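Enquirer: This is the structure I want to talk about, given as structure tokens.
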Amino acid sequence: MNPSRETIQRSYRTCRRIGRAAGSNFFLCFLLLPRAKRQAMEALYAFMRHTDDLADNPRSVEQRAADLRAWRAAFDDALNDRLGTEHVASFPMLPAVVDTVRRYEIPEQHFYAAIDGVEMDLDKRRYETFAELEEYCHRVASAVGSACVHIWGFRAPQAFEPARKCGIALQLTNILRDLQEDAREDRVYLPLEDLQACDYPSDRFVDDMVGGEADARFDRLMAMEIARAETFYREGAELMEWLEPDGRRIFGMMMATYHTLLEKMKTRPRDVLSHRVRVGRLKKLRIATRWTLLPPRQSMLS
């Protein structure tokens, strides 16, 4: 069944409410886009928010896995014109999501990759190598970035490799900020090979993160991971050159906001063990002003 235009518009309004309720830095950036693209980004955000929420809640692992399977099946049905009233009732964001996929010709694989990524969180709590972590980052972040590029508009396929690197940069920033929170769930995203390189036993690392304790090993580890993230930010910045004008401001604002988080952690790495590192309101205002009013081709990481 193809949903009516009224159903699709109602679905877009649902997506907007989901984004506003989340209060994400990303959602505020959507205001830099024309209305149609802003609606598409709201639909994309609602899909990713719902996917993440299905994996991150108090239900049992078995229940969360079943919920993700049902979500994947519903999305598959919607893409194949099998969107019934029961789908819309259970997943009211789906009509807008499918409309966005078709309107902007977004490869479906990016959405399935995001589901694959959060499914990894159900049973994988350690990553032996950075290659393993990079695959996770690709699924939960780079795939989302590639979908964004389709909405924003791009001039050539060369856009997608820097988009992949941007996703990794942003996800590494999130991982570093959430070290303590993840440790409380006995989850360590940082590669065990990196901990070993810093003479940091993984079991001791978890205890230290939960207890808010840090020593020289922690400082070396943070410096290593921040340097890696900075490399991905620098290489991902090339995306600016391949975007259509509509996408440059929102891309610059997103990257500048998250790079600011990384810079705060670089200056005071141990802060991640005492409080949630955030971008201050004044700095947010400066970033927003810079990317709203000034030419979008200037330095994007400030």
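Enquirer: Given the structure, is ARG69 assigned by TED's automatic domain parsing to the domain that holds GLU181, among the charged types (D, E, K, R) and surrounded by 13 or more Cβ atoms within 10 Å (Cβ to Cβ)?
Expert: Spelling it out, it is not the case that ARG69 is assigned by TED's automatic domain parsing to the domain that holds GLU181, among the charged types (D, E, K, R) and surrounded by 13 or more Cβ atoms within 10 Å (Cβ to Cβ).
Enquirer: Restricting to region 223-250, and then to whatever is among the aliphatic types (A, V, I, L, M) and over 15 Å from LYS165 (Cβ atoms), can you tell me which residue is nearest to the chain's Cα centre (by Cα)?
Expert: Among those residues, the one meeting the criterion is ILE250.
Results for (1) at pLDDT 95 or above; (2) charged (D, E, K, R); (3) out of contact with any Phe, Trp or Tyr (no Cβ under 7 Å at 6 or more places or on another chain), shown as yes or no for each residue.
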site: PRO107; (1), (2), (3): yes, no, yes
site: PHE111; (1), (2), (3): yes, no, no
site: ARG125; (1), (2), (3): no, yes, yes
site: GLU132; (1), (2), (3): yes, yes, yes
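Enquirer: Would you tally the residues in region 213-223 being surrounded by fewer than 20 Cβ atoms within 10 Å (Cβ to Cβ) and either touching a Cys at 6+ places or on another chain (Cβ under 7 Å) or touching a residue at least 40 places away in the same chain (Cβ under 8 Å) (or both)?
Expert: Here the count works out to 6.
Enquirer: Take the residues in region 89-114 that are closer than 20 Å to ARG164 by Cβ and among the hydroxyl-bearing types (Ser, Thr, Tyr), then tell me which one is surrounded by the fewest Cβ atoms within 10 Å (Cβ to Cβ).
Expert: Result: TYR112.
Enquirer: Looking at ALA197, ALA227 in this structure, which one is hydrophobic (A, V, I, L, M, F, W, C), under 27 Å from ARG286 (Cα atoms) and free of Cβ contacts under 8 Å to residues at least 40 places away in the same chain?
Expert: Unique residue meeting the criteria: ALA227.
Enquirer: If you don't mind, another one. Hey, which of the helices (runs of 4 or more DSSP H) in region 103-180, taking only ones fully inside, have at least 1 residues that are in contact (Cβ under 8 Å) with a residue 40 or more places away in the chain, of a type in the set (A, V, I, L, M, F, W, C) and under 17 Å from ALA256 (Cα atoms)?
Expert: 143-152, 160-177
Enquirer: Scan region 59-84 residue by residue and report those that are more than 11 Å from LEU122 (Cβ to Cβ), touching a residue at least 60 places away in the same chain (Cβ under 8 Å) and in contact with a helix residue (DSSP H, G or I) (Cβ under 7 Å, 6 or more places away or on another chain).
Expert: If the condition is that a residue be more than 11 Å from LEU122 (Cβ to Cβ), touching a residue at least 60 places away in the same chain (Cβ under 8 Å) and in contact with a helix residue (DSSP H, G or I) (Cβ under 7 Å, 6 or more places away or on another chain), then LEU83 is the only one that fits.
Enquirer: Would you mind finding the one in PHE251, PHE232 that is out of contact with any Lys or Arg (no Cβ under 9 Å at 6 or more places or on another chain), within 20 Å of LEU170 (Cα to Cα) and among the hydrophobic types (A, V, I, L, M, F, W, C)?
Expert: PHE251
Enquirer: Follow-up. Kindly list, by first and then second residue, each pair from a residue in region 17-45 that is closer than 23 Å to SER142 by Cβ and of a type in the set (Lys, Arg) to a residue that is modelled with pLDDT of 95 or more and assigned to a helix (DSSP H, G or I), limited to pairs with Cβ atoms under 6 Å and residues at least 6 apart or on different chains.
Expert: Within 6 Å, the pairs are LYS37/ILE151.
Enquirer: A further question follows. For region 264-279, what are the residues that are in contact with a helix residue (DSSP H, G or I) (Cβ under 9 Å, 6 or more places away or on another chain) and free of Cβ contacts under 8 Å to residues at least 60 places away in the same chain?
Expert: LYS264, LYS266, PRO269, ARG270, ASP271, ARG278
Enquirer: Next up: Scan region 219-251 for residues that are aromatic (Phe, Trp, Tyr) and closer than 19 Å to LYS264 by Cα and report the count.
Expert: Here the count works out to 2.
Enquirer: To continue, here is another question. Just need a number here: residues in region 281-302 that are farther than 19 Å from PHE30 by Cβ, at pLDDT 90 or above and within 20 Å of the chain's Cα centre (by Cα).
Expert: Residues that pass the stated criteria total 0.
Enquirer: While we're on this one: If you take the residues in region 155-186 that are among the basic types (Lys, Arg) and within 16 Å of the chain's Cα centre (by Cα), which one is nearest to ASP121 (Cα to Cα)?
Expert: ARG177
Enquirer: Take region 9-48 and flag every residue that is aliphatic (A, V, I, L, M), surrounded by fewer than 19 Cβ atoms within 10 Å (Cβ to Cβ) and more than 23 Å from ARG281 (Cα to Cα).
Expert: ALA36, the sole residue that qualifies.
Enquirer: From the list ASP116, ASP203, ASP199, ASP194, which residue is among the charged types (D, E, K, R) and outside the structural domain of LYS264 (by TED's automatic domain parsing)?
Expert: Answer to the selection: ASP116.
The values are calculated or read from the model by the stated rules, or taken from the named source; none is laboratory data. Computed from a predicted structure; not experimentally measured. Reconstructed Cβ throughout: ideal geometry from the backbone, glycine too, with neighbour counts over all protein chains shown.
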